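Working notes for the structure below.
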Amino acid sequence: MVTDDLSGAPRRLRVLLCLFVCASVAAFFAPVDEAAFAHEGEGSAVVHVSDKGFAPRSVAVDSGDTVVFENVDDEAHWPVSDDHPTHEEYPAFDPKKPVQPNTEWSFTFERPGKWKYHDHMNPYFTGEVVVRDEGSQAGYGGFLSSIRAFSS
């Protein structure tokens, strides 16, 4: 007489469900690097500016890192510190003239903080650079840094 042994099926289903839930939770809490949406090099991030605005709109760098603003549009753009039109929030963060099409301008952020900026030519295009103090990240990594970023 042949019988099917189904006693292992519920256990396998529970194991698969557990693996799925664990993988989903791990993916949810994985740290996200905002600058990863732009290409980046060691100590720098790249932000593209076009007729659609800045991409990515937010990047995070360490103090002393450089952000490169690449104009990938057919029109000139002028990434500059808030507030419009005075640019007094971080006055050094200003190329002093528009960035022409297919060129770039770089700025090294020395001051930790959240620095909002806009396109002086199109003030409704906005973005931000979050500059971390290099010493403030000690002891945080992976899961803890994602919780810290979420709660701030």
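What trypsin sites (Lys or Arg not before Pro) in the range 68-134 are in a loop by DSSP, with at most 14 other Cβ atoms within 10 Å of the Cβ?
Here the trypsin sites (Lys or Arg not before Pro) that fit, given the DSSP loop and packing criteria, are K96.
Show the residues, 5+ positions off or on another chain, whose built amide H is closer than 5 Å to the amide H of V99.
Here the answer is H77, W78, since their amide H atoms fall under 5 Å of that of V99.
Mind putting a number on the dipole of the range 34-132 about its Cα centre? Charges go on the C-beta only, +1 for Lys and Arg and -1 for Asp and Glu, and I need it in Debye to the nearest 20.
160
A short reminder: the numbers here are calculations on the coordinates, not readings from a lab. Small disclaimer: the values here were computed from a predicted structure and weren't measured. Quick reminder, even Gly has a Cβ in these numbers, built from the backbone with ideal geometry, and neighbours come from all protein chains shown.
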